[in-house]
Amino acid sequence: MMDHHAERIVSTKDKLRKQSLETVLNQFDAKLMNLSHKDQKNKYQKMKKDPYSFFRGSAYLYFFDTTDLPLTFHTPEDKPTWIMGDMHFDNFSAFQNEQGEIVFDVDDFDEGYLGSYLYDVMRMVVSIRLMTSPLGFSKEKQDELVNHYLKSYIKQLQAFKDGDEDPVKLQFTVDNTKGPIKKVLKKLKKRQASHELEKQTVVDQDSIRSFDIGKDKLTAVSKQEKEKLKHAWKDYIASVHPDNREPESFYRIKDVVKKKGSGIGSTGLQRYYILIEGEKGKHHDDVILEAKEARTPIPAYFFPYDEQFWEDNKQQGRRVIHTQRAMHHKADPYLGYFTLHGRDFYVRERSPFSKEIKEKHLDDFKAVKQTVKIMGKISAKVHSRADADLEQGIMSYHSEKAILKAIGSNKKLFRHQISLWSDHYQDIVEHDYELFKQWLKENESFQS
């Protein structure tokens, strides 16, 4: 049993941490994200599911905790790379790239920013622990998985540095993957190109296609809002890369709806599905685009201020597509941005080919090991890829060289420090999750 003094110490620490949680949650969700009370409540109900969901929904808490840690292996401030800013296990998926190939890669660029690669790597390894813990993997097995991810990451960086592989050309397809990733890629190959259209839209007796309201959390948009969107759409067309831009008639809006309830971190952000004309004469000419609101990326509140970066990225939708172009070597030809009601949006195709790994496929150690090793290679690819062919030429050096130099010759020590820290931080997240649930109980207005 705990004595009186020990009890006081523990309860004081918990009280202070709970106050920090409340301060950070209110500052970001209520003040900076400007979420309504209803949206906050929805978000917190999603976060309440388990520690991993809590971790996914509180990226700002992760940066609050980690950005002042004096870790040995950071790249210097003058040698940043593009980072995802929210790298975790569920931000990797299978989809069709712009040349029709089914690939496995990263898929979320909303928090994209310039900074130390280590913040992506550290967030990723904590997510591996949090995701595998409920599946029954012991701390020792989690250590092994983290080690496999880090080894794979470093090995792939080295292959790029040595010129054995090219981050611009390397793709992860059914031919060079194993286990759950190979399974999901195979399954996706069988899907029809019309899948998303059939899922989201209906065709009336006059052969006019429109969104199926009420399906997949789609809601109608008022005539007035539709007109404002059509007016802003000219800016979107102008923002499409000249190499990909089609005639204006191609982008004619046929229908538009609002999409609700996707993701945890995206709760409260406005999102539209937009049906455009596409290429006439093709069997499936209509195309579904997704326009999603973009806000200041979370790392920006914690990293050193970079005036040149903000000069280049005032429009937040532009920053997101800039990140996607940097990290994917074949960028979505529909990428673009616009501003509506004073809010910045980015646009991308709502691909009919998109699929995530299911939890049931991660049922044994070997399957998860195969998965995290490929994710390690992909993490190295997007970090190395980020210095290639950027029109703005933000980087005058190769990211993989800067990262490998920061890791240094003692790779074992690097893996040990990151593994040790992530084990410690997993415990913090799991304890924070319990404090978070207590805090929700104490705040009746957040009860469901």
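The values are calculated or read from the model by the stated rules, or taken from the named source; none is laboratory data. In this text the structure is predicted, and so the values were computed from the model without any measurement. Backbone-built Cβ (ideal geometry, glycine too); neighbour counts: all protein chains shown.
Of all residues in the range 143-170, those satisfying the criterion of being surrounded by fewer than 18 Cβ atoms within 10 Å (Cβ to Cβ) and in a loop (DSSP other than H, G, I, E, B) are Asp162, Gly163, Asp164, Glu165, Asp166, Val168, Lys169. Could you check, for the range 88-95, whether at least one of its residues is of a type outside the set (Ser, Thr, Tyr), in contact with a Pro (Cβ under 8 Å, 6 or more places away or on another chain) and either surrounded by fewer than 24 Cβ atoms within 10 Å (Cβ to Cβ) or assigned by TED's automatic domain parsing to the domain that holds Tyr52 (or both)? The answer is no; no qualifying residue exists. Taking the range 349-378 as the range and being within 17 Å of the chain's Cα centre (by Cα) and either at pLDDT below 95 or in the same structural domain as Glu290 (by TED's automatic domain parsing) (or both) as the test, the residues that pass are Glu349, Arg350, Ser351, Ser354, Lys355, Glu356, Ile357. In the range 60-86, of all residues being of a type in the set (D, E, K, R) and in contact (Cβ under 8 Å) with a residue 12 or more places away in the chain, the one that is nearest to Lys411 (Cα to Cα) corresponds to Lys79.
Of the residues making up the range 2-25, at least one is modelled with pLDDT of 90 or more and under 20 Å from the mean Cα position of the chain (by Cα). One residue stands out in the range 319-348 among those that are at negative phi and part of a loop (DSSP other than H, G, I, E, B): the one that is modelled with the lowest pLDDT, namely His329.
One residue stands out among those in the range 213-230 that are part of a strand (DSSP E or B) and among the hydrophobic types (A, V, I, L, M, F, W, C): the one that is nearest to Leu335 (Cα to Cα), which is Leu218. Filtered by the rule that a residue be outside any loop (DSSP other than H, G, I, E, B), in contact with a Lys or Arg (Cβ under 9 Å, 6 or more places away or on another chain) and under 19 Å from Ser399 (Cα atoms), the range 107-127 gives a lone residue, Tyr113.
Would you confirm whether any residue within the range 132-139 is among the hydroxyl-bearing types (Ser, Thr, Tyr) and either over 25 Å from Lys369 (Cα atoms) or part of a helix (DSSP H, G or I) (or both)? Yes, because at least one residue in the range 132-139 is among the hydroxyl-bearing types (Ser, Thr, Tyr) and either over 25 Å from Lys369 (Cα atoms) or part of a helix (DSSP H, G or I) (or both). Step by step: first the residues of the range 117-142, then only those that are of a type in the set (D, E, K, R) and in contact with a helix residue (DSSP H, G or I) (Cβ under 9 Å, 6 or more places away or on another chain), then the one that is nearest to Phe303 (Cα to Cα). Which residue is that? In this case the residue turns out to be Asp120.
The residue that is surrounded by the fewest Cβ atoms within 10 Å (Cβ to Cβ), counting only those in the range 246-268 that are assigned to a loop (DSSP other than H, G, I, E, B) and polar (S, T, N, Q), is Ser262.
Of the residues that sit in the range 231-245 and are part of a loop (DSSP other than H, G, I, E, B) and not acidic (Asp, Glu), which one is modelled with the highest pLDDT?
In the first step, residues of the range 231-245 are kept if they are part of a loop (DSSP other than H, G, I, E, B); the result is 240-245.
Now narrow it down to the ones that are not acidic (Asp, Glu): 240-242, 244-245.
Values: Val240: 94, His241: 90, Pro242: 91, Asn244: 87, Arg245: 90.
So, considering only residues that are part of a loop (DSSP other than H, G, I, E, B) and not acidic (Asp, Glu), the one modelled with the highest pLDDT is Val240.
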